[in-house]
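Taking it in order: structure first as structure tokens, then the write-up.
Every number here is computed from the coordinates shown, using simple stated rules; none is lab data. Note that the structure is a prediction, hence the values are computed from the model and not measured. So basically every Cβ, Gly included, is an ideal-geometry build from the backbone, and we count neighbours across all protein chains shown.
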Amino acid sequence: MDFFSVIMLLGGVALFLFGMDVMSAGLEKTAGSRLEIILRNVTSNRLKAFALGVGITSIIQSSSAVTVMLVGLVNSGIMKLHQTVGVIMGTNIGTTITAWIISLTGLTGESFIVRILNPNNFSMIFAVIGIICTMFSKKVKRRNAGEILLGFAVLMAGMAIMRSAISGLESNEAFRNIMVTFSNPLLGVLIGMVFTCIIQSSSAAVGILQTLSLTTSVTYATAIPVILGMKIGTCITALLASIGTNKNAKRVAAIHILFNVIEAIVFVAVLYILRSTVDLAFLNDTVSPVSIAIIHSLFSIATSILLFPFANQLEKLAKLAIKGRKGEETKYELLDERLFGTPVVALAQCSKLVIEMGIIARDSVLLALQMITKYDEKNAETIRENEESLDEYEDKLNTYLVKLSTHGLAGDESWKSSELLHVIGDLERMGDHALNILELAEEIRDNEISFTEIAMTDLVIAHSALVEIVNMAIDAFINGDDAAARHVEPLEEVIDNLTVKMRSRHIERLQKGECAIEPGIIWSDLLINYERVSDHCSNIAISVIQMGGESMDMHGYLNGIRSPENAEFGSMYNAYNEKYKLD
């Protein structure tokens, strides 16, 4: 090989890896909307978890990506360690699909069907369709599909360039000597492991080996240990991802490593024993891309069958390897950036935490309302702690969602992420208003301020309306119930009108001398906070409706539903207005 052949080979490898990355990313985006549902179905049933591992990895074609995802899920508390064992076993089978597709490059024949089944030919059709989808389609799903097709086309182009660069190497004496050296099982395992550690993809490494087999004399004696080494090398990604995680997340990476190391030890030992006792003549035969795909699949299937009954022992080995300090609690990470590899799962975790935030905000507002008539020091401390907690949630979630937005969220998920940011802001502000109400309650207590009987009657009505709207908005968000969310705006309008009437009645009392100025100031501040809380409930309800799939302009929506022609809004408004009517 001359200088230009080497450059050509490296360029082919670069295109191959880039195509693999683009294709996997597109597949992941396409499957992303289903991943959360699939993961929720993972139970202690190990067979089900195994099938899940096969399925997900078959879809996104990256066992490393799935294992990194598992590290993040365990680290963030979504999954338990024992749930991941079956999934990891399944990933080793699911990742073999790419090798089978690439193996079709060995098809030869003159018939149309044989020629069209060759990836070198149909990948060009994929490239044309892919570029059309990517450049001219406005639908996110079609663009993702185009990304998959383009990635595959680039991958195959890289293979073609590699094949061209190494053509003729089979007659090169130095190269033949190198390949003979690789037939040493231990050295072959080491070479495969190091190479895969560098490119961090066993699917890509096996694909490159398949390309090498098309133009050079790669024997079974060389291919078998190299493939085993590649399976160990792919663990490097999960190992790197586990740095800085809790001990159970580290154990996920340990299980992945143990599975592949045991696989290599068992089959290398079998190979040594057989070679010393039986004449394995086939080991000197050259392999084809199909043979490599078969070897890759057989190893994965056989190891899964062998180790499946010993899954609990595998988990125990991981716990022995990663012991952790005695008494150390598993650290629960609110949000884990390792989940960025699967943006939809990361977004689902955000949604769960925003729900927690909503429950805290609701509790704070409801406790604060109670403090007006019955002050309690313990509840006051809870409101203050909740406000600090809401601030922390807002800070972490905002930062996380902004970072997540740069990791390829699809259209629907990107929209949901934007709406979650709005909801987070509204919830945090509700916590602030709860604290404001608490401070007003403390002022009432400290200065022994009292309201007139009529004012207290009005305040009880306002309290009841506010309790209902807060519960309604938060429940609608927790349940994703856009039908319930549509009841919020009519009640918010009633509360606005209610506070206007309460101010007018207060001014009348002032003019008649029935009310002092100091209670009047507190009264006015209370009404302002009530209005603001109901406004934030309205914003949350609108976000729920939009996340339910109805994209709209908020101001246009509000103007539309309040119009006289909207009979549904009018009916709900009249019902709430009657329910919370001042005497």
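For this structure, a couple of remarks:
- Extension gain, Asn447-Phe282: 0.36 nm per intervening residue step, less the Cα-Cα distance, totals 49.8 nm.
- Partner lysines whose Cα lies under 27 Å from the Cα of Lys512, excluding those fewer than 8 positions away in the same chain, are identified as Lys501, Lys581.
- Placed amide H near Thr219: partners under 5 Å, 5+ positions off or other chain: Val287
- Pairs spanning more than 18 Å between alpha-carbon atoms, out of Lys80/Lys231; Lys250/Lys403; Lys48/Lys250; Lys80/Lys323: Lys80/Lys231; Lys250/Lys403; Lys48/Lys250.
- Protection proxy ranking, highest mean first, for peptides 533-545, 448-460: 533-545, 448-460, where packing is the per-residue count of other beta-carbon atoms within 10 Å, averaged.
- Scattering curve values for region 255-406, log₁₀ I(q)/I(0), Debye with Cα scatterers, q = 0.10 Å⁻¹: -0.70
- In summary, the lysines within cross-link reach of Lys138, defined as a Cα separation below 17 angstrom excluding same-chain residues under 8 places away, comprise Lys29.
- Charge dipole (region 219-368, unit charges on Cβ, about Cα centre) - positive-most of Pro309, Thr234, Leu283: Pro309
- Computed on the Cα atoms alone, the convex hull of region 361-479 gives a volume of 96 cubic angstrom per residue.
- P(r), alpha carbons of region 190-287 - 5 Å bins starting at zero, rounded %: 3, 14, 19, 20, 17, 12, 7, 4, 3, 1
- Inter-part distance where region 196-267 and region 380-417 are each reduced to a Cα centre, Å: 37 Å
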